[in-house]
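Below is one structure, written out as structure tokens, with a few remarks after it.
All of the numbers you see were taken from the coordinates with simple rules; none came from a lab. Note that this is a predicted model, so its numbers are computed, not measured. Positions of Cβ are generated from backbone atoms using ideal geometry, with glycine treated the same way; all protein chains shown enter the neighbour counts.
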Amino acid sequence: MHLYDIGDVATQSGLSPATLRYYEEIGLITSLSRKGLRRQFGPETLLQLSLIALGKAAGFSLSEISGMFGADGQPDLPRHELHTRADQLDQQIRNMTTLRDAMRHVADCPAPSHMECPTFQRLIRVAQRNKPTAPKT
């Protein structure tokens, strides 16, 4: 089996060696041996790193991602969690699309000022309703 030096894995994955060492420390990836002080990884590590990047892009935490690999390091993806996260992304996309469309309208609105634009006023009301509340002390 061909092993990849940590520098090669860093180059191919775009991650720093420090990130690779951290991922190994928390159990996301595993080095198979060492050549001097340099960690050596198997070819499956590049697949694992791609899946980790995909999971992070989908909003999963590293802790959640670590549960998506079986004991053998192979993907063991929780389908229900993936559906739930996809639903959350759909909602986020709808919210962002609405915001984008409203911003474009406000940018092009012929009203003399933004405060006279009904769409802008609606945006302000929605933002006020959705603002986070401070914790009670």
Subject >> Between helix 44-57 and the chain: long-axis angle, C-alpha atoms, 0 to 90°, nearest 10 >> reply: 10 degrees
Subject >> Net lengthening on full extension, MET1/ALA18 (0.36 nm per residue, minus Cα-Cα) >> reply: 3.7 nm
Original post:
Given a Förster distance of 35 angstrom, what is the FRET efficiency for MET115 paired with ASP87, based on the Cβ-Cβ distance and rounded to 0.05?
Top reply: 0.45
Subject >> Extension gain, ARG94 back to ASP76 (0.36 nm per residue minus Cα-Cα distance, nm) >> reply: 3.5 nm
Subject >> Calculated P(r) of the chain - Cα pairs past 21 Å, % >> reply: 60 percent
**OP:** Note down, for the range 4-66, the three equivalent ellipsoid semi-axes (square root of 5 times each alpha carbon gyration tensor eigenvalue), biggest first, whole angstrom.
**Re:** 20, 11, 9
Original post:
Measuring from a point 7 Å past the Cα of SER66 along Cα-to-C-beta, which residues in the range 8-45 have an amide N at less than 17 Å?
Top reply: 19-31
**OP:** May I ask which residue of HIS80, ALA111, ALA57 lies farthest towards the positive end of the charge dipole of the range 16-137, with charges of +1 (Lys, Arg) and -1 (Asp, Glu) on Cβ and the Cα centre as origin?
**Re:** ALA111
